[in-house]
1. Outside the structural domain of Ser59 (by TED's automatic domain parsing), farther than 29 Å from Pro35 by Cβ and either modelled with pLDDT of 95 or more or in a helix (DSSP H, G or I) (or both): does that describe Arg213?
2. Of the residues Arg16, Arg23, Arg68, only one is among the charged types (D, E, K, R) and crowded, with 17+ Cβ neighbours inside 10 Å; which?
3. Check Leu32 against each of (1) in contact with a helix residue (DSSP H, G or I) (Cβ under 7 Å, 6 or more places away or on another chain); (2) within 25 Å of Ala188 (Cβ to Cβ) and name the one condition it does not meet.
4. List every residue pair whose Cβ atoms lie under 6 Å apart, where the two residues are 6 or more positions apart in sequence or sit on different chains, the first residue falls within the stretch 240-259 and is buried (at least 24 other Cβ atoms within 10 Å of the Cβ), and the second residue, located anywhere, is among the aliphatic types (A, V, I, L, M) and part of a loop (DSSP other than H, G, I, E, B).
5. Would you mind stating whether Ala269 is touching a residue at least 40 places away in the same chain (Cβ under 8 Å) and more than 17 Å from Arg213 (Cβ to Cβ)?
6. Return a yes/no flag: does the stretch 116-138 have any residue that is β-branched (Val, Ile, Thr), at pLDDT 95 or above, assigned to a loop (DSSP other than H, G, I, E, B) and touching a helix residue (DSSP H, G or I) at 6+ places or on another chain (Cβ under 7 Å).
7. What's the number of the only condition in (1) surrounded by 24 or more Cβ atoms within 10 Å (Cβ to Cβ); (2) in a loop (DSSP other than H, G, I, E, B); (3) modelled with pLDDT under 95 that Ala232 fails to meet?
8. Mind counting the residues in the stretch 84-108 that are surrounded by fewer than 21 Cβ atoms within 10 Å (Cβ to Cβ) and either in contact with a Cys (Cβ under 8 Å, 6 or more places away or on another chain) or of a type in the set (Phe, Trp, Tyr) (or both)?
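The values are calculated or read from the model by the stated rules, or taken from the named source; none is laboratory data. As the structure is a prediction and not an experimental result, all values here were calculated from the model. Cβ coordinates were reconstructed from backbone atoms using ideal geometry, including for glycine residues, and neighbour counts include every protein chain displayed.
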Amino acid sequence: MGQLVTVTEIRAAADRLHGVVTRTALVPFPGLPSPLLIKPESLQPVGSFKLRGAYAAISALPSAERQRGVVAHSSGNHGHAVAYAAALLGIRAVIVVPETAPATKTDAITACGAELIRVAPTMEARTATADALAARQGYALIPPFDDPRVVAGQGTIGLEIMADAPDTDLIVVPVSGGGLIAGISAAARAVSPDVTIIGVEPEFAADARDSLRKGERVAWPSASVQRTVADALRVERVGALPFAHMQRDVAGIVTVTDGEILATVRRLATEARLVAEPGGAAAVAACLFCRDEFPAARHPVAVLSGGNIDPALFARVIAGGGATPAPAAH
């Protein structure tokens, strides 16, 4: 992969995002034996952090290229963010999603005026379809994570955390394709080189953990990652650029169970008054259930990456029930 994203690029992205994204406040999780601050990106206009990377990437395009329209593939949240950003900029958007994408997310995509294309629930199918559309129609491709402009946009979260809580010594981040943790780690460690960055994955989709251990990107079978209730984290292999950032800046990866994730969705709602989708709750789940796997930290921050949860699932979780694990892809 090419050069890593710099803090200068992240600051430039922050300038383009001014007035478009919400500068989310750090919210304390009440009642814990030790302090924990939450960065609730669920409060963005699209319900997740993805707006940062999507708008940063699209707004960086030359005007003539942007006017031809954009295409993106996504498990849901990135597609919603691209559709929303395209609507703000007055351009066409086509979004490729897996046929298993929740209606909560696909409905939001079409509500923004984007065209929706459903494909088999594999990264290969999504990528091939988006690439073909870009080549055939001349659309600009806006990748979900393996892109320096997207990584720079996500990195603005790291700048905000370190500006609002300069004594932060641990940042815990959900990991899917890796764009979020890549950007946050690049930004935060440029500001404060001593801050520790830990990633969190579902135990059913721990490809980034395996990749860091092996020293090269490891792919998990699509049928394996489809098992987790955390649909936003069902990526089979971390991106090349994010992985290079992770090798430099991320201290390790912790995994959580679906049960721990759903229990955290409930606790976030009932105790912290924050709505989280399962993938969005993963980092907080690790802080609640796996704290002994982290290095000692006096001022930790967990990123709540999204809140676009299916209403029926949310109702069951709040009522104290769980969810049937997602069916495997065939």
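1. yes
2. Arg16
3. (1)
4. Within 6 Å, the pairs are Leu241/Met1; His245/Leu4.
5. Against the criterion (touching a residue at least 40 places away in the same chain (Cβ under 8 Å) and more than 17 Å from Arg213 (Cβ to Cβ)), Ala269 qualifies.
6. Scanning the stretch 116-138 turns up no residue that is β-branched (Val, Ile, Thr), at pLDDT 95 or above, assigned to a loop (DSSP other than H, G, I, E, B) and touching a helix residue (DSSP H, G or I) at 6+ places or on another chain (Cβ under 7 Å).
7. Exception for Ala232: condition (2).
8. Counting residues in the stretch 84-108 that are surrounded by fewer than 21 Cβ atoms within 10 Å (Cβ to Cβ) and either in contact with a Cys (Cβ under 8 Å, 6 or more places away or on another chain) or of a type in the set (Phe, Trp, Tyr) (or both) gives 1.
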